[in-house]
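Working notes, structure below.
The values are calculated or read from the model by the stated rules, or taken from the named source; none is laboratory data. These numbers come from a predicted model, not from an experiment. Using ideal geometry, Cβ is built from the backbone for each residue, glycine included, and neighbour counts are taken over all protein chains shown. Keep in mind that these areas ignore ligands, DNA and RNA; they rest on the heavy atoms of the full protein, side chains included. Shrake-Rupley method; radii C 1.70, N 1.55, O 1.52, S 1.80 Å.
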Amino acid sequence: MMTGTTLSKQKKSSTSLKRQLKALTIPVFIEMALVMMLGAVDTVMLSRYSDNSVAAVGIDNQLISLVFLVYQFFSMGAAILCAQYIGAGQRKRLVQVVGMALTVNLLLGLSVSALLFLYAEALLQVMGLRPELMGDGLVYLRLTGALSFFQAMSLTFSASLRSADKVIYPMIVTGIVNVINIVGNYALIFGHWGCPQLGVEGAAISTATCRAVAMVMLAIIHFRVHIPCFPLHYFRPMPWHELRNLFYIGIPAMSENISYSLSQMVITVFINQISNEALAARTYCHNMIMFVYLFCLSITQGGDILVGHLVGQRRHQAAYVLGNYFFRWSMMITLTGSIILALTGRSILTAFTDNQDIIKMGVWVLFVDIFLEVGRTANIFAGSTLRATGDVIYPFVVGVIFQWSIAVGVSYVIGIPLGYGLVGMWVGFALDENIRGIILVRRWRSGKWRTKGF
């Protein structure tokens, strides 16, 4: 039977965790909003240039997003391990993990960047990019892809800082970079302040430059406030066990995300078969919808840092209660945002384009998306939080099965053979998200993750 003192301690602990969650969530929310703005700014400014440019860059960003998921392979694993090691007070293992992740991501980033530059045209042909869009698509992919290794390093520095509760620094860096990107886009897309009018090429130059600036700033901050150096004797002999842990977390997490991204690329090929208008509508809606589930992403990322700390301390019940708390908030706020977006969608789309076919498709997509966001919220919460506890295999298996059978298979049948187009495909996406969400939330509530920590 619990005593009054025990209950008082539990209440104080719960209040403290909620305060920490708020302190983490707000900077992460602002940072992620700014990250999304970085991509959305290109779309908004290019919409003033041409709808075809938006469609071409939309397909390019599918490939770039896939590449960034590959880069997250080690940074995601490092973030989970760092959070648990901080909770357990294991400083040396923390330094070893971050050092290994930075080294491998640098080598991986340089290799992938070279491949993107050399094989950009072949990749876009595989994606089924229409010939009239190839020129813009090729320019954007080559420039942003060749310098994408900067993002590989940024993701690792940012993950390391967040795991140590130093979330304010990535937020500040992202804010600065957004201002630079807006100024660069304005100057280079439209040819202001004596700069040449470069259109899509100008957007690519501005975006790639911003990613380089972000990496340099994050590196300087990381060495000054978190890990000042990586002593060589920490890596002699090489800590292979930490590399194995990174692989154990990173491979399933990366594979699930790559599977999702590949399934979206296949779906984009299907949408490309419908029309240029469908591609443009998808790009516009995607950039709008990102801001709806932004709170869910940010509170889950903030919460998962604390969940990792609690699992490292073997406080599993506290981790479970905290997880349920931020899941409820995620669902309420995301649903409210999706309903508001659906009701105001026509006005927003009209600001992007005057093409009535794009606007009509987009409005229907936004209403279907209300149902989709219920499943997506459950997916983001359960999948990410299970990984934070060390339960990484189950979300991967569930993700791969349903992403391809429902998101690709069912959406294709509804959209193409049955003739419901982009809106029908969105119904397929919603079914996938909701089925996966139900399964993963059940896994979280089962408590089987309690034995998976490092």
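Find the residue count for region 274-286, including only residues that are closer than 28 Å to residue 26 by Cβ and crowded, with 23+ Cβ neighbours inside 10 Å. Before the answer, list the steps.
Taking region 274-286 and keeping what is closer than 28 Å to residue 26 by Cβ, we get 285-286.
Applying the additional criterion that residues be crowded, with 23+ Cβ neighbours inside 10 Å yields 285.
The total comes to 1.
Looking only at region 224-233, decide whether some residue is in a helix (DSSP H, G or I) and at pLDDT below 80.
no
Do you know which residues across region 409-420 are outside any loop (DSSP other than H, G, I, E, B) and surrounded by fewer than 22 Cβ atoms within 10 Å (Cβ to Cβ)?
Listed by number, the residues that qualify are 409, 410, 412, 413, 414.
Please state which one of 350, 344 is open to solvent by 60 Å² or more (accessible area, probe 1.4 Å), farther than 16 Å from residue 271 by Cβ and free of Cβ contacts under 8 Å to residues at least 60 places away in the same chain. Before you say what the answer is, go through the steps one by one.
On the way: 344 fails: open to solvent by 60 Å² or more (accessible area, probe 1.4 Å).
Answer to the selection: 350.
What are the residue pairs meeting all of these: first residue in region 79-103, first residue within 14 Å of residue 233 (Cα to Cα) and at pLDDT 75 or above, second residue among the polar types (S, T, N, Q) and assigned to a helix (DSSP H, G or I), Cβ atoms under 6 Å, and 6 or more apart or on different chains?
none
When residue 154 is evaluated against the numbered criteria (1) surrounded by fewer than 24 Cβ atoms within 10 Å (Cβ to Cβ); (2) in contact with a Lys or Arg (Cβ under 8 Å, 6 or more places away or on another chain); (3) under 17 Å from residue 82 (Cα atoms), which criterion, by number, is the only one it fails?
(1)
Yes or no: residue 143 open to solvent by less than 10 Å² (accessible area, probe 1.4 Å), part of a helix (DSSP H, G or I) and touching a helix residue (DSSP H, G or I) at 6+ places or on another chain (Cβ under 6 Å)?
No; evaluated as a whole, the condition is false for this residue.
From (1) over 12 Å from residue 263 (Cβ atoms); (2) among the β-branched types (Val, Ile, Thr); (3) free of Cβ contacts under 8 Å to residues at least 12 places away in the same chain, pick out the condition that doesn't hold for residue 416.
(3)
Can you tell me which condition residue 288 does not meet? The list is (1) of a type outside the set (Val, Ile, Thr); (2) part of a helix (DSSP H, G or I); (3) farther than 30 Å from residue 364 by Cα, and all the others hold.
Only one criterion is unmet by residue 288, namely (3).
Pick from region 319-341 the residues that are of a type in the set (A, V, I, L, M) and crowded, with 19+ Cβ neighbours inside 10 Å: which of them is farthest from residue 53 (Cα to Cα)?
So the first thing to find is which residues in region 319-341 are of a type in the set (A, V, I, L, M), and the list is 319, 321-322, 331-333, 335, 339-341.
If we keep only those that are crowded, with 19+ Cβ neighbours inside 10 Å too, we end up with 319, 322, 341.
Details: 319: 46, 322: 44, 341: 24 Å.
My answer is 319.
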